1. Looking at the axis that maps chain C onto chain A, which chain C residue has the closest Cβ, and how far off is it in Å, rounded to a whole number?
2. Once the dipole of the stretch B:69-173 is set up with Lys and Arg at +1 and Asp and Glu at -1 on Cβ about the Cα centre, which of B:ALA129, B:SER89, B:ALA158 lies farthest towards its positive end?
3. Arrange C:ASP219, C:ASP230, C:ASP166 by Cβ neighbour counts within 10 Å, fewest through most, would you?
4. Give the long-range amide H neighbours of A:SER153: residues separated by 5 or more places, or on another chain, with amide H under 5 Å away, using H modelled in the peptide plane at 1.01 Å from N.
5. Could you please state, rounded to a whole Å, how far the C-alpha centre of the stretch D:115-141 is from the C-alpha centre of the stretch B:67-141?
6. Hey, for A:ALA158 with labels 7 Å out along Cα-Cβ, what do the inter-copy distances come to in nm, ordered shortest first?
7. Once the label point is set 7 Å along the Cα-to-beta-carbon vector, what list of distances in nm do you get between D:LYS301 and its counterparts in the other copies?
8. Rounded to the nearest Å, what's the spacing between the alpha carbon centres of the stretch B:258-330 and the stretch D:197-258? Just the number, please.
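Values quoted throughout were computed directly from the atomic coordinates according to the rules given, and no laboratory measurement underlies them. These figures come from a predicted structure and were not determined experimentally. Reconstructed Cβ throughout: ideal geometry from the backbone, glycine too, with neighbour counts over all protein chains shown.
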Protein chains: 4
Amino acid sequence: MSQRMFASDNSAPASPEVIQAMAEVGSAHRYSYGADELSFQAQQTVADLLGLKPDDAISVLVPNGTGANVLGLSSFLRPWDGVIGSPESHITEDECGALEGLRGVKIYHAPSKNGKLSVDIYDTYLPWATNLHRNNPRAVSLTQTTELGTRYSIEELADFGRRARDSSMILHLDGARIANAAVATNPEDPRAALRAMTRDAGVGIMSLGATKNGGLSCDILVVLPQNLPDWALEGDSAPWSVLKLKIQRSQKQGLSLFSKNRYLAAQVLALYGTDLWVHNAANANTQAARLERGLRDLEAKHLRIRVMYPVQANGVWLQMPGEWVKSLQEEFGFYLWEPEGPGPFKDPVARLMTSWDTEEADVDRLLEGIRKRAQG
Amino acid sequence: MSQRMFASDNSAPASPEVIQAMAEVGSAHRYSYGADELSFQAQQTVADLLGLKPDDAISVLVPNGTGANVLGLSSFLRPWDGVIGSPESHITEDECGALEGLRGVKIYHAPSKNGKLSVDIYDTYLPWATNLHRNNPRAVSLTQTTELGTRYSIEELADFGRRARDSSMILHLDGARIANAAVATNPEDPRAALRAMTRDAGVGIMSLGATKNGGLSCDILVVLPQNLPDWALEGDSAPWSVLKLKIQRSQKQGLSLFSKNRYLAAQVLALYGTDLWVHNAANANTQAARLERGLRDLEAKHLRIRVMYPVQANGVWLQMPGEWVKSLQEEFGFYLWEPEGPGPFKDPVARLMTSWDTEEADVDRLLEGIRKRAQG
Amino acid sequence: MSQRMFASDNSAPASPEVIQAMAEVGSAHRYSYGADELSFQAQQTVADLLGLKPDDAISVLVPNGTGANVLGLSSFLRPWDGVIGSPESHITEDECGALEGLRGVKIYHAPSKNGKLSVDIYDTYLPWATNLHRNNPRAVSLTQTTELGTRYSIEELADFGRRARDSSMILHLDGARIANAAVATNPEDPRAALRAMTRDAGVGIMSLGATKNGGLSCDILVVLPQNLPDWALEGDSAPWSVLKLKIQRSQKQGLSLFSKNRYLAAQVLALYGTDLWVHNAANANTQAARLERGLRDLEAKHLRIRVMYPVQANGVWLQMPGEWVKSLQEEFGFYLWEPEGPGPFKDPVARLMTSWDTEEADVDRLLEGIRKRAQG
Amino acid sequence: MSQRMFASDNSAPASPEVIQAMAEVGSAHRYSYGADELSFQAQQTVADLLGLKPDDAISVLVPNGTGANVLGLSSFLRPWDGVIGSPESHITEDECGALEGLRGVKIYHAPSKNGKLSVDIYDTYLPWATNLHRNNPRAVSLTQTTELGTRYSIEELADFGRRARDSSMILHLDGARIANAAVATNPEDPRAALRAMTRDAGVGIMSLGATKNGGLSCDILVVLPQNLPDWALEGDSAPWSVLKLKIQRSQKQGLSLFSKNRYLAAQVLALYGTDLWVHNAANANTQAARLERGLRDLEAKHLRIRVMYPVQANGVWLQMPGEWVKSLQEEFGFYLWEPEGPGPFKDPVARLMTSWDTEEADVDRLLEGIRKRAQG
């Protein structure tokens, strides 16, 4: 198998800068569980990134995106509440039922297109708010970039946020790959794009990915209290430090608080305290675009090759003849997304993810591998 | 403050060997979530450590000891079951209610002495097994070394195991500091001690600590199916791979599965694939013994200094006049265990933990600090 | 409003025989929580009804069908397991997320037709059994009669049971209206139909409805251990009394154990210890058939009246012009099922339920009310 | 066995007036789940009873006291919160871990005397409010009358309420036997006593017992929003109807909402819409007092008879020689509270409960039975 796989952006190693930062934490002792200088700096860095004052972005470092999603939503939603997501959303398809299993919150599946929800869902679900036989729909969860490699525009996100505010609902963003979205949306000022897609769009809770973009063992849960509805706060007069303590308790109980938190903080500082997050995401996006271009060429010539969704970040979904799959997988390393896709041949669909360290040569080798089979 | 604190063994940094191993993971891509060579090796290493064949020790790597305890117990116990622990046990005092909160399992508090339970608890709780108004007492949880720095002997543990087997209960061991216990029990062959205290004693579920003994962000949940009662297995004829998949699901849902699992595996290999775990634990124990000797001297001379429990591993609980606490804490870094201890003066009790990297000079400075105040 | 509504079969009062039986419980004291003679008799009656020996049908009396469903499934499934149901199923649409909220079990929504699942779902979901990122699909839940008033045939149920056995899954039956199904399936021997649809079809867990068929405050959870897969039993050698104690604990913890259980037992004996359940269900079915006949006549003449699903028990789903709804509801009492139904006019769909006490005159009045509007 | 037992006040049948009221519900159809006239009246009756306007007492009818306690507390507390109760409290000893199991809330055990907590517990637990490793102590739960048959005075309750308010905690009252307490506290105006012990004392959540005092299958959860801390409300500007909907969802999800709710309402009206609750409780108290008097006589003469706690309601805890127990139990029907009580002989302790229908002759027969053995 070629060195770099297309299985997932978390098949890549951590960026050298990240490991270096961990090595440089040094030999000093520090109080644990986040009560140390590096941990404070990491919080400040996250707030800066989002254009917020330190107190206006409550962030905690957790082992993975599942933790960031589940702890974020369930620190606010009760077991009789519900969150509306797409059928493909990571929270419902890839977290082994954690939201329901650990904290009892139901996920409503609204129809999606290319992995994206429509803002109409508010109209669909709001009537249920007063039906005591159904969970109270109190949050909408979007994924940016989506589980199908597509993106919401800044305007679309702002629409969701407006509707959330009007209906006293929480807007949640699964940002496992939000770096890729920010860079793709505004390559010149990805930081501005990031702020527009989150703080300004009315996002109240988000996961900010790190592991998939060159991190080692860490994602970030960020809560933006100013974007939360009244009912989600701990009483109107409570300072946000009370809210923070609640989230930390939820994190600790949720098995997601590290004693040596400063090693996670070091990762965050290496990624988001510099432009590493931009460089890493930009490379992944660039390689996916290269891959798409090559595949579109083939698609034009070969009936059973089909790029399934708009390629808007670092993933390409490719339908291909089933008999190619096994040998291609062995050679290049990727996952089948659907064993049986749409269309007359019901050919399977593969997911091809590029990473912070994918090289042009990796993409070209993969294209060549597919081309050979197509021409075979 | 002196460089090395006495707050907790997790105030220490990771051992350099551990960080080195993580850096050497290299640039290759690998399938994530544990499906890689390093992860397999780590499992083998854990089985070897316990003197078991690879299939006979199901192990998964999790972010912290809380995760190892809670996921271990709750993969087997149901919400209407109960686990018997001491009132000081980490599962009830220091995990923010995770066992109850995430998986609904009740903790029964049996009386303890110096942090240790007595084997009589089986007689106390077994009658409740048929009382449908009470949780079914199906597990006993011991901590080795205990939350008060004491140890169970191998014989004591074997007694608990025998009673567990006779009553179809699970024996659970919180082994966050089991390395310290193994080294203290048999300095010449700590590996033999470890096996005697776990595999041979009938332990069915255990956490195997790493973070507190020089690890970075990882503890280990180990299940020994051969020591589990029938009801805990997935049907009598199911192979243990079925059990393993259940534990992995519980881990994934429990927010505790890392995508880049191989970086945790590297930590495990660095610690338990070598004698690093022994060296680290031995140093911590040695320094605690040195501290105890110094304090016993003072105790003999000063009415209000008192070493509270037998010092049998790497912690010393010291009662001292309340007016010393603040300045000592600032200088040496430690936690108060009880703001108001026993005795006529109701003086507070401090917990003084030594670490893998504590040096004689650190201990001597602390002793000198206390001596000065005692003589002041 | 006419005396008898069409809102739900639980809008009807309890049958006089049921209230009479409760009054006859008498003045004696008895040990509570089911340890009394009437409670034992009720268990025996339920076993008899299903053609089983007393020990082979574990039954407990609970306040409502939601309790029977949720406690039944969650006494066996773990939070990382999943149950497959239709999108309309009561467990997902009408229990306020109880299965997820109380016990963490995820519900998978398989596509349905006229409220019925297809046996193909086993093929769809079985591959997920080894995917640790997804809940383990360990049960299929069918409703008989379905939430859309249709029925599974005995053969269809047996197919589900066979597939369940082959794949070590549990077959669960929501039998809130199973009496209506049994009577409709075999009017001459409804008891035989009931046994064929449950015991013989391989149903392992079921709710046996009472409240909707003339009961007062009671439904019944029945577990048939001989139809459960190995993994669901408490070890192969455990007697079923151990299983029963587990279910009772689950019931007690699930807020569903009555102290004065004998008053529920009296209801069960009045309904299922006689033919009252047959008479009640038969009347409801007969009146629904009468209603359907009348509506089919109108349907033939009026473009915007449409009977939506086959009428196979005691409910009729009727699409009608939206402007009729309010006044009809005020006059006859029913619920809207869909505010916007299918078809060019997107007219709403009403659910019209008949009850044990619905009279011909009630049906005729409703038909007349609709006829008037249709001809208006 | 004599007709009336001493096992529990729920061994008694329902009062004839209660059954009569259920029979008189009549044959009309009504919308279910509490949307009917009788259900509205029952709410009004409960509010009246507590001296509150209808909107100021949110009440829902549930199957049992366990439901009332668990749903009340867990509608407000989160899984990382904790409630402080006595070691004997029903919520921890007799509800099969429901509070932890269904909703994840931890119970802290504070020391009690004669079943009563001391107001000092606030000082003990408040420091934990900022410790993220421990559950947030946000409620205190008292039982009136206690599980040992004793009572808090009005002043004591008011003290707890004051401290609760000062520390933003909820005061919860398990009122399964509050009728007995009210009647005992102020026999001339039990209604005034009831109001003083709840509304005026600052109780925010309570269960109001019915089943143990002549009800059939119903207890009442009452929430008094004006006595709740800010954080427990759904935002400062939300009307209490929003709070009510939350509690109803919690009830529905908690398996505790009856479709034919009006039959429970009828029970409530029969008991609390008249003075039946007073008469029933008064009789139970009177008979317990008679029993106590007789036993105190014997206690004076017989070394191994001992009335264990002050008899302040309808229960007597009696220590007696173990060899008497079996035959006495068979003759009179009661539970052993402790198989091994305090004192030199370690004799067991029996709980002897009187009921709404206990007669003097029942008490005298029991006294005679004990006397015979004492003199044997």
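1. Residue nearest the C-to-A axis, with distance in whole Å: C:GLU100, 2.
2. Selected residue: B:ALA129.
3. Working: C:ASP219 28, C:ASP230 13, C:ASP166 10.
The fewest-first ordering by Cβ neighbours comes to C:ASP166, C:ASP230, C:ASP219.
4. Hits under the 5 Å cutoff: none.
5. Centre-to-centre (Cα) distance: 21 Å.
6. Output for A:ALA158: 5.9, 6.5, 7.4 nm, nearest copy listed first.
7. Computed spacing set for this position: 6.9, 9.1, 11.2 nm.
8. Rounded to whole Å, the Cα centres lie 49 Å apart.
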